[in-house]
1. Need pairs with beta-carbon distance below 6 Å; first residue crowded, with 18+ Cβ neighbours inside 10 Å and within segment 56-82, second at pLDDT below 95; sequence gap 6+ or separate chains.
2. Only one residue in GLY128, GLY152, GLY140, GLY156 is away from the ligand (no atom under 15 Å from the Cβ) and at positive phi. Which one?
3. Filter segment 199-216 for residues that are open to solvent by 80 Å² or more (accessible area, probe 1.4 Å) and more than 22 Å from VAL107 (Cα to Cα); which is farthest from the ligand (Cβ to nearest atom)?
4. Say we look at segment 80-116 and pick out the residues that are farther than 20 Å from SER230 by Cα and hydroxyl-bearing (Ser, Thr, Tyr); which of these is nearest to the ligand (Cβ to nearest atom)?
5. Might you check whether a residue that is more than 16 Å from ASP174 (Cβ to Cβ) and in contact with a Leu (Cβ under 8 Å, 6 or more places away or on another chain) occurs anywhere in segment 125-142?
6. Looking at GLY85, GLY108, which one is touching a residue at least 12 places away in the same chain (Cβ under 8 Å) and either open to solvent by 10 Å² or more (accessible area, probe 1.4 Å) or under 17 Å from ILE180 (Cα atoms) (or both)?
7. What helices (runs of 4 or more DSSP H) completely inside segment 203-286 contain at least 3 residues that are within 19 Å of THR81 (Cβ to Cβ)?
Amino acid sequence: MRAWMMGQTYRAALSAGEVMAGSGLAEVVESRDPAFAPGDLVYAETGWQRLAVLPANRLQKVAPMAPLTHLLSVYGVAGLTAYLGLKECGRPKVGETVVVSAAAGAVGGLVGQIAKLWGCRTVGLAGGPAKCALLTSELGFDAAVDYKAYAGDMPGLYQALQEATGGGADVYFDNVGGEILDAVLFGMKPFGRVALCGAVSVYDGGVPYGVRGLGGMVSKRIAMRGFIVSDFYDQREAALAELKGWVESGQIKVREDVMEGLENLPAALIGLLAGDNVGKRLVRIA
Ligand SMILES: NC(=O)c1ccc[n+]([C@@H]2O[C@H](COP(=O)([O-])OP(=O)(O)OC[C@H]3O[C@@H](n4cnc5c(N)ncnc54)[C@H](OP(=O)(O)O)[C@@H]3O)[C@@H](O)[C@H]2O)c1
């Protein structure tokens, strides 16, 4: 199988001989399983390598489409995570306020757009004025908060969020954890829901962050739920059909950030954690 394009997987350390984990689109070069023929396009956990040997039951055949990159962004894990995580863990209702962090990233940008299509007010957290401007001008967010402007100033971030949300969030889709999670938790509305999707702020090592805002969750009856997108794969086809309708009708804008070359995969991952990307970061390797 010849790997063609990859998303990234976060991984702290590798043992000798191990391949860095990562999923991607690949072309079948040779197969002893009659279900696959040379030239077939597949999605798989290929690892960071040009050629991969995998058992057939770990390949998912996909139909070519244009652009192919959408199979790894809006029609891949990012799109499904946004749609299914928001629906099942955020459970947004029309008129509610949805806050999402890493809002200019792959998952977050879609969460905001989907929440808007479901009749919610949307507030995105992102790093820097350029990303915040993109959220409101291009991705249709109602408001954006530049969390970097409040580094080390949790009360300031809390206040900015209260203003942007008009009094707190009903739903928080958390991609980052850490201090941002705390700042949003302090301002959650009663009976709010927090979807714990990821914790980018702690992926890069360092001291684990101790969340302080849990006390208020009792009196406010906040529900907090972690999830892995595959928990909801019984709804995968329905979710993909709805995403496809929105993309084709222009109701959802898909941002992709494509880099070139296998040798650039480490830089792509390091840059992702540093916030260099807008939308889904991918690396084309063939
Ligand atoms: N639960 C699941 O099944 C599932 C599936 C897929 C992905 N995920 C998770 O979803 C989250 C988003 O993934 P993605 O692929 O869409 O990545 P992404 O949002 O495209 O990229 C990560 C973004 O995180 C932001 N960031 C980095 N360090 C930060 C920090 N210390 N504080 C706040 N923001 C920071 C950066 O944007 P800024 O410039 O705004 O800082 C960066 O662009 C990740 O946590 C990932 O693990 C979960």
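The values are calculated or read from the model by the stated rules, or taken from the named source; none is laboratory data. The structure displayed is predicted, hence computed values, not measured ones. Cβ: placed from backbone, ideal geometry, glycine included. Neighbour counts: every protein chain shown. The area values use the complete protein model at the heavy-atom level, side chains included, leaving out ligands, DNA and RNA. Shrake-Rupley method; radii C 1.70, N 1.55, O 1.52, S 1.80 Å.
1. LEU72/GLY7
2. So the residue among GLY128, GLY152, GLY140, GLY156 that is away from the ligand (no atom under 15 Å from the Cβ) and at positive phi is GLY140.
3. Per the stated criteria, the residue is LEU214.
4. Among residues in segment 80-116 that are farther than 20 Å from SER230 by Cα and hydroxyl-bearing (Ser, Thr, Tyr), the one nearest to the ligand (Cβ to nearest atom) is SER101.
5. Yes, the conditions are met somewhere in segment 125-142.
6. GLY108
7. Output list reads 236-248, 265-273.
Residue by residue, here is whether (1) among the hydroxyl-bearing types (Ser, Thr, Tyr); (2) in contact with an Asp or Glu (Cβ under 7 Å, 6 or more places away or on another chain); (3) under 30 Å from GLN159 (Cβ atoms); (4) modelled with pLDDT under 95 holds:
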{"residue": "LYS61", "(1), (2), (3), (4)": "no, yes, no, no"}
{"residue": "PRO64", "(1), (2), (3), (4)": "no, no, no, yes"}
{"residue": "LEU68", "(1), (2), (3), (4)": "no, no, no, no"}
{"residue": "GLY119", "(1), (2), (3), (4)": "no, no, yes, no"}
{"residue": "THR122", "(1), (2), (3), (4)": "yes, yes, yes, no"}
